[in-house]
Amino acid sequence: MTASVVHVLIADDQAIVRQGLAVILGYEPDIAVAGFAVNGEEAVAMAAELKPDVVLMDLKMPTLNGIHATRRIAQQLPGVKVLVLTTYDGDEWLFDALRAGACGYLLKDSDGDAIVAAIRGAVADEVHLDPHVAGKVLREFNRALEESSAAPARSAPSSGAGEPLYETLSERELAVLQELAQGRSNQEIAATLFLAEGTVKNYVSTIMAKLHANDRTQAAVYALKRGLAKLE
C-alpha cells in the first residue's frame, strides 16, 4: 500500500449509498476504498481486519448502530478515524456520535468535495462538522462556557477530599489545548506555537491522558466546560 493513499472503509446499509460514495472517491488519486460494511458489527470487524485510515460511518444500521460501532472502533483502534455520514441531524445523534469518538459529522446531502475534504482532514486530525450541525455544537460549547464562568475558577476540578480528578496541565499543554479546542490540526498547532508536529502530537496524547479523554473532541469539550480553553 502506498503511504500517501488514504484508505477508507464505507459503512452503510444502503447499497446505492455505498456505490455512490465509491464512485465519488474513485475520482480521487489519493483516496482508495478499502472495503464496504453493511451494518455496525461488520464495520467493527472489517475495521479491525483492514485497518483503514478512515471509516465513513452511517448511524442507523441493523445489528449494531453507528454510535456503538464508532465507540468500539475508537476504543479498540485509536489510529482509525471515524467520520459520520448520516441523514440524521438531531441533537441526540450528533452529540452521542461525538462522545463516542467520531472525528466529524457530515450529512448525506453534503456534496462530494465536502466529503473528500473531510476525509483528508480526518487523517490530519482535523474536526469537520456539517454547517447544519456546527451551530448546535457551538451553542453547546457556549452554554458550557457560561456554566463554567458562573462557577468559582480553579485549575482543576477536585473531589470532596480535595483530590484532583485529572492531573494539572503545564503551561505549554494548556497552550496546545487552547489551539486544539479551536479544532486545529497538529500541523496548524505546530505552526502557531512554533513546535515540531511530532512534539505537538506527543502533547496532545499527554493532554488526553491527563483529562481522561478518549479523543480530541472530548478533550476540547471538557476543556471548554472547565474553562481551561476558550473559543476564539
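Here are a few things to note about the model shown:
- Unique match (being of a type in the set (Gly, Ala, Ser) and under 20 Å from Arg216 (Cβ atoms)) among Ala32, Ala100: Ala100
- Test set (1) crowded, with 22+ Cβ neighbours inside 10 Å; (2) closer than 21 Å to Leu129 by Cα; (3) not polar (S, T, N, Q) - Lys230 fails condition number: (1)
- Residue check for Leu195: in a loop (DSSP other than H, G, I, E, B) and either in the same structural domain as Gly79 (by TED's automatic domain parsing) or out of contact with any Lys or Arg (no Cβ under 6 Å at 6 or more places or on another chain) (or both): yes
- Some residue of the stretch 40-52 being under 16 Å from the mean Cα position of the chain (by Cα) and crowded, with 21+ Cβ neighbours inside 10 Å: yes
- Asp215 meets the conditions (1) farther than 19 Å from Lys81 by Cα; (2) buried (at least 18 other Cβ atoms within 10 Å of the Cβ); (3) acidic (Asp, Glu) in every case but one. The failed one is (1).
- Qualifying residue in the stretch 99-113 (condition: assigned to a helix (DSSP H, G or I), more than 22 Å from Val23 (Cβ to Cβ) and modelled with pLDDT under 85): yes
- Unmet criterion (only one of (1) surrounded by 16 or more Cβ atoms within 10 Å (Cβ to Cβ); (2) free of Cβ contacts under 8 Å to residues at least 40 places away in the same chain; (3) over 20 Å from Thr63 (Cβ atoms)) for Phe36: (3)
The values are calculated or read from the model by the stated rules, or taken from the named source; none is laboratory data. Here the structure is a predicted model, which is why all the values come from computation and not from measurement. Ideal geometry is used to build each Cβ from the backbone, glycine not excepted, and the neighbour counts take in all protein chains shown.
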